[in-house]
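*Asks:* Next up is a structure, given as structure tokens.
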Amino acid sequence: MKNFFILFSLLFTVSLMVQGQTYDKKKADSLLKANREVYFKFSVFDRSILDELTNIISIDNVHGNEVYAYANKPEFENFVKLGYDITILTPPGSMLTDAELMKPKDSPKSKGPATWNFYPTYQQYVDTMEYFANTYPAICKLDTIGITIFGRLLLAVKISKDVNANGAKPKFLYTSSIHGDELTGYIGMLHLIDYLLTNYGTNAKATRLVDSVMIFINPLANPDGTYAGGNNSVNGATRLNGNGVDMNRNYPDPAAGQHPDGNPWQSETIDFMNYAGSNGFTMSANFHGGIEVFNYPWDTWSRLAADDSWWQFVGREYADTAHKYAPSGYFDDYQNGITNGYAWYRITGGRQDYMNYWRHCREVTIELSTTKLLPANQLVNYWNYNYHSYLNFIEQTLYGIHGIVTDTVTGFPLDAKIFIANHDKDSSLIYSGMPGGYYNRVIDQGSWDLTFSRPGYYSKTITNVIVTHYHGVKLDVMLKPVTYGAQELNRGELVIYPVPASKNIHIVFPETDSKKWKLDVLNALGLCLYSSEINNNGNLVYNLDVASFPDGLYFVVLRNENGVYRRQIIVRH
Ligand SMILES: [Zn+2]
């Protein structure tokens, strides 16, 4: 609806200013038929109109008053009515020959080390992701984030020491090519996965990152766009997804509402929102192309993010490191390689703002190369320009303030809210995650007051936490339940036998005259594995079958109206 009113007002305004329209209709029609999208440029008198045009077409870049944009068929038909002089451009995904894309014959990783100087076929991509997980099962696991509308896979690898554990570590996500024709990051991320896996245990930095961070990498967020020309080549790659939707305008927007582009959430959008929700990433980056810049929040608001100075610090680190390893002139757009998103041009419905606002994750948009689809023989150069920056940005998740939030009575982890007074705004606060109660607040250097709170607990504020660059501050916090002293009174330790146990454990009721009990068994991370209400009719012991529990440490918690009893047990088969 919003688009309709904007369109109406623009039609009225622009028709007064523009005498006529010229564009190559034949070329546009044939591109829309073949590619589901058209790429074009036009000029505006006043850049402020872009805030509204961004709701009608997918603006890709702005140089002065010259605007580069994409549109699907209905978007383009609406746009031409505005009367701009439009120049239809050759799609970036169709500019190279197959020779320049260097189509390989064999799957890159199935026959020895890859050189990452070509664009794989879709099947080679899937095989390569499986190869990583199959070859390095201790530190690499393959996740399917979802399936596209044309049935292609949205894949991510998770790389971490003890990859199946869900320990107290920051979670970091790299994702690339949500715009299917911007592919420098696609190959860059495959190369990064290969680098981390093959250098683990030998290279100090790669080892430290894999040991200390859970690294998630999704090299290709829009396979239907990338392989729009067929699964055997990226030739013909499109920006939009299989439905002709720009997925980086399709997310809920903190200023423009749930559907800023007027389209329903695409299945890929929903899959990514669910993936972010279930993982709780501390930091992430979304790789694009078409310019060379580190674009930090916000895209939708002119006001600055709470952590603006931190964004500039990590952005400068990214850009300056790239400058060190690249020829001069690389990655120097806007403020020598960094920009506030809104200062470049406003977009609504972008993933970056969604992740920052709704997922409390520090996500940035990184534009890796002016040429969206690089000739394949340049891919290794762009890897060399960027891979130190890729690693440094992951490493930033280890700095700031981190720790575990637990319950003073039970010692169990809590999902608490962590808020910094006189600093946090626009949803920049964070939460500790479950299981584990781990939190990780990346922040600029300074002295900070952190307030930890959770319903049912007394809030606690820790003042003057000093943060300096390139250091992590460990701060574990215990919260006291407001019911402490009543039903959560610590009544003591349970008698349980045998310890260790393999099949049955016998829990001795500590009060023989109490009938109503609640029994919980939690694993070492605080995840509840067993819960039962017990109405005791004079039994002295309660028998619990632990045969199905994996070996490990568990907490047994038994409550009645008088308080809580607890005990750690070990299960060993
Ligand atoms: Zn893009």
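*Asks:* Rounded to the nearest 500, what is the chain's calculated 222 nm mean residue ellipticity when only DSSP H runs of at least 4 contribute -39500 (n - 2.57) each, over all residues? Walk me through the numbers on the way to the answer.
*Replies:* Values: 15 runs with 150 residues, N = 573.
It lands at -7500 deg cm²/dmol.
*Asks:* Still on this model: What distance in nm separates the simple spin-label points at Thr115 and His469, each placed 7 Å from Cα in the Cβ direction?
*Replies:* My value for the distance between the label points is 3.9 nm.
*Asks:* Continuing with this model, one more query. So what does the Cα-only Debye profile of segment 189-332 read at q = 0.16, 0.21 Å⁻¹, as log10 I(q)/I(0), no solvent term?
*Replies:* Log10 I(q)/I(0), no solvent term: -1.27, -1.50.
*Asks:* State the volume of the convex hull built on the alpha-carbon positions of segment 490-571, expressed per residue in Å³ and rounded to an integer. Before the final figure, lay out each step's value.
*Replies:* Values: hull volume 6.8 nm³, N = 82.
Roughly 82 Å³ of hull volume per residue.
*Asks:* So how strong a dipole does segment 226-308 carry about its Cα centre when Lys and Arg Cβ are +1 and Asp and Glu Cβ are -1, to the nearest 20 debye? Provide the component values of the computation, followed by the final result.
*Replies:* Values: 3 positive and 9 negative charges, 30 e Å.
Dipole size: approximately 140 debye.
*Asks:* Set the Förster radius R0 to 51 Å, insert the Cβ-Cβ distance between Val380 and Ile570 as r into 1/(1 + (r/R0)^6), and round the FRET efficiency to 0.05. Write out the running numbers ahead of the final one.
*Replies:* Values: r = 51 Å, r/R0 = 1.01.
Working from the Cβ atoms, E equals 0.50.
*Asks:* Same structure, new question: May I ask you to sort Ile291, Ile394 by Cβ crowding, counting other Cβ atoms within 10 Å and putting the fewest first? Spell out each step's value before the answer.
*Replies:* On the way: Ile291 21, Ile394 26.
In order of increasing Cβ crowding within 10 Å: Ile291, Ile394.
*Asks:* Given a cut-off of under 8 Å on Cα pairs at least six residues apart, what relative contact order in percent is computed for the chain? List each step's numbers first, then the result.
*Replies:* Details: 1303 pairs, mean separation 63.4, N = 573.
Dividing the mean separation by the residue count of the chain yields 11 percent.
*Asks:* Report, by chain and number, residues whose modeled amide H sits under 5 Å from the one on Val473, excluding near sequence neighbours (fewer than 5 apart, same chain).
*Replies:* Gly400, Ile401, His402
*Asks:* Moving on to the next point. Skipping prolines and chain starts, which residues have an amide H placed within reach, meaning under 5 Å, of the one on Leu154, given they are 5 or more residues away or on another chain?
*Replies:* Here Ile145, Gly146, Ile147, Thr148 satisfy the definition.
*Asks:* If exposed chymotrypsin sites (Phe, Trp or Tyr not before Pro) are those in a DSSP loop with at most 15 other Cβ within 10 Å, what is the longest stretch of the chain that has none? Don't skip to the end; give the middle numbers.
*Replies:* Details: sites that count: Phe45, Phe150, Tyr458, Tyr470.
That would be 151-457.
*Asks:* Using +1 at the Cβ of each Lys and Arg and -1 at the Cβ of each Asp and Glu in the chain, identify which of Asn218, Phe118, Leu50 lies farthest towards the dipole's positive end.
*Replies:* The one lying farthest along the dipole's positive direction is Asn218.
*Asks:* Related question: Kindly put Ser459, Ser160, Ser428 in sequence by how many other C-beta atoms sit within 10 Å of each C-beta, fewest to most.
*Replies:* On the way: Ser459 13, Ser160 25, Ser428 19.
With the fewest neighbours first, Ser459, Ser160, Ser428 line up as Ser459, Ser428, Ser160.
*Asks:* Next question, about the same structure. Run the reach check for Lys25 against aspartates and glutamates, Cα to Cα strictly under 13 Å, same-chain hits fewer than 8 apart removed. What comes back?
*Replies:* Qualifying aspartates and glutamates at Cα under 13 Å: Glu77, Asp85.
*Asks:* Further, regarding this structure: Trypsin sites (Lys or Arg not before Pro) within segment 386-469: which are DSSP loop residues with at most 13 other Cβ atoms inside 10 Å?
*Replies:* Working: sites: Lys417, Lys425, Arg441, Lys460; in loops: Lys425.
Taking segment 386-469 and a limit of 13 other Cβ atoms within 10 Å, the loop trypsin sites (Lys or Arg not before Pro) found are Lys425.
*Asks:* Compute, for the chain, the length of the dipole vector about the Cα centre, with Cβ point charges of +1 (Lys, Arg) and -1 (Asp, Glu) only. Units Debye, rounded to 20.
*Replies:* 1000
*Asks:* Under a straight-distance cross-link criterion of Cα-Cα below 27 Å, which lysines are reachable from Lys141, leaving out those fewer than 8 residues away in the same chain?
*Replies:* Lys141 reaches Lys105, Lys109, Lys111, Lys158, Lys161, Lys169, Lys171, Lys205.
*Asks:* Further question on the same structure: State the answer as a single residue: which of Tyr325, Ala71, Thr370 lies farthest towards the positive end of the charge dipole of the chain, with beta carbon charges of +1 for Lys and Arg and -1 for Asp and Glu, about the Cα centre.
*Replies:* In the chain, that residue is Tyr325.
*Asks:* Now a separate question. If I model a spin label at Asp513 and Asn562 as a point 7 Å from the Cα along the Cα→Cβ vector, what separation in nanometres do I get?
*Replies:* In this crude spin-label approximation the distance works out to 0.8 nm.
*Asks:* How many percent of DSSP beta bridges within the chain run antiparallel, rounded to 5?
*Replies:* The answer is about 75 percent antiparallel.
*Asks:* Starting from 0.36 nm per residue, how many nanometres of slack lie between Asn490 and Asp98 once their C-alpha separation is accounted for? Can you show the working numbers first?
*Replies:* Numbers: separation 392, 0.36 × 392 = 141.12 nm, distance 7.12 nm.
Fully extending the segment from Asn490 to Asp98 adds 134.0 nm.
*Asks:* Per residue, what volume in Å³ does the convex hull of the Cα atoms of the chain enclose? Display every interim value, and only then the final one.
*Replies:* On the way: hull volume 96.2 nm³, N = 573.
Given the Cα convex hull of the chain, per-residue volume reads 168 Å³.
*Asks:* Stick to Cα atoms and the Kirkwood definition of Rh, then tell me Rg/Rh for segment 98-398.
*Replies:* Expressed as Rg/Rh, it is 0.93.
*Asks:* Shifting gears a bit: Identify, among Leu391, Ser502, Gly349, the residue whose Cα sits farthest towards the positive end of the charge dipole of the chain, taking +1 on the Cβ of Lys and Arg and -1 on the Cβ of Asp and Glu, with the dipole about the Cα centre.
*Replies:* My answer, from the dipole projection, is Ser502.
*Asks:* For Ser369, list long-range residues whose amide hydrogen, built 1.01 Å from N in the peptide plane, is under 5 Å from its own amide hydrogen.
*Replies:* Those qualifying (amide H under 5 Å, at least 5 residues apart or on another chain) are Gly290, Ile291.
*Asks:* Let me ask something additional. Looking at the chain, do any whole DSSP H helices span at least 30 angstrom along their long axis by alpha carbon and average 0.0 or above on Kyte-Doolittle, and which? The partial results should precede the final answer.
*Replies:* Values: long enough: none.
Helices meeting the criterion: none.
*Asks:* If the only charges are +1 at each Lys and Arg Cβ and -1 at each Asp and Glu Cβ, what is the size of the charge dipole of segment 98-398 around the Cα centre, to the nearest 20 debye? Before the final figure, lay out the partial values.
*Replies:* Values: 22 positive and 29 negative charges, 118 e Å.
Dipole magnitude for segment 98-398 comes out near 560 debye.
*Asks:* Alpha carbon centre of segment 286-349 versus segment 129-155: separation in Å?
*Replies:* Comparing the Cα centres of segment 286-349 and segment 129-155, I get a distance of 30 Å.
*Asks:* Rg/Rh for segment 400-479: what does it come to with C-alpha atoms and Rh from Kirkwood? Can you show the working numbers first?
*Replies:* Working: Rg = 12.0 Å, Rh = 12.7 Å.
Result: Rg/Rh = 0.95.
*Asks:* Could you line up Met273, Met214 from fewest to most neighbouring Cβ atoms inside 10 Å? List each step's numbers first, then the result.
*Replies:* Values: Met273 18, Met214 23.
Ordered from fewest to most neighbouring Cβ atoms within 10 Å, Met273, Met214 come out as Met273, Met214.
Bear in mind that the values in this text are calculations on the coordinates, not laboratory data. Predicted, not measured: the structure shown is a model, and the values here were computed from it. Note that each Cβ is placed from the backbone with ideal geometry, even for glycine, and that neighbours are counted across all protein chains shown.
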